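Participant: Take this structure first; my questions come after.
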Amino acid sequence: MPKLTLLLGRKTMQAYDFKQESIVIGRDSMADVYIDNPSVSRRHAEILLGDDGWLVRDLGSSSGTSLNGVRLEGTSPVGLGDEVGLGKFSIVFGKALGEGEVPPPRPAEGAAPAPAGAAGGAAAEGTPHMEPHDVGEPHEEADHGGGAQFVWESGGRQGTHYFSDSPAVLIGTDELCDLRVPRGPKHHLLVVHTDEGCDVRYLAMFGTMSVRGRTTKRAHLRNGGVVEVGGLKLTFVDQVG
């Protein structure tokens, strides 16, 4: 199910995991992603699960909604690494349904909808559809088939993340990250596996990462590509063996 990262400018404000098929974003205190800012309408946009995957649509907001910098007209598919713009804020779609994962059954027609909870700042107590990320080092399993992965080095430690476990991962020292490392940026790096390699985004407002001696906030890595930022080093490995 989707993992969303809320940004103000390039600064990470909040990260969420949801277990529902419709996520409303807006200034209404009952919105699933609550943003208390006048640049955002009360019910601004919705991310929802369609028959062929996840979609995003504007809900008649006053300022409009964009997808990767292009204003939305109607409903559009949304996938790993896509960025939805709402006023001064944006939301990175960080994780879609993984291989073998299925959505929960749709409620029967006419059934009462599950209650939505406020999600501004810290998670509201009793919010039924949001839970914090499981944090810590990735769990290495017996057989990953030699597939795509990255090796991380930080603070004298080293580990491996296999994209077969998760095609998208947030990395940093913050407790909300999927992969917490001893040294590195507090505000996450978003790493997404694609058919053509690995996309890396630096989500903090200030600072950059280094790729082949060049500073950047976004990079596409192929086999053997290396990213370094704040004492953290990531090496992408497309195939082993």
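Participant: Report, by chain and number, residues whose modeled amide H sits under 5 Å from the one on Leu72, excluding near sequence neighbours (fewer than 5 apart, same chain).
Facilitator: Those lying under 5 Å, H to H, from Leu72 are Thr65, Ser66, Leu67.
Participant: Which of the three applies to region 1-93, rounded, prolate or oblate, going by the alpha-carbon gyration tensor with a ≥ b ≥ c and a/c under 1.5 meaning rounded? Write out the running numbers ahead of the final one.
Facilitator: Values: a/c = 1.28, a/b = 1.18, b/c = 1.09.
Judged from the Cα gyration tensor, region 1-93 comes out rounded (a/c under 1.5).
Participant: Now for a separate question. Hey, how many Å between the Cα centroid of region 166-217 and the Cα centroid of region 37-72?
Facilitator: Centre-to-centre distance over Cα atoms comes out at 25 Å.
Each reported figure results from applying straightforward, stated rules to the coordinates on display, with no laboratory input. Computed from a predicted structure; not experimentally measured.
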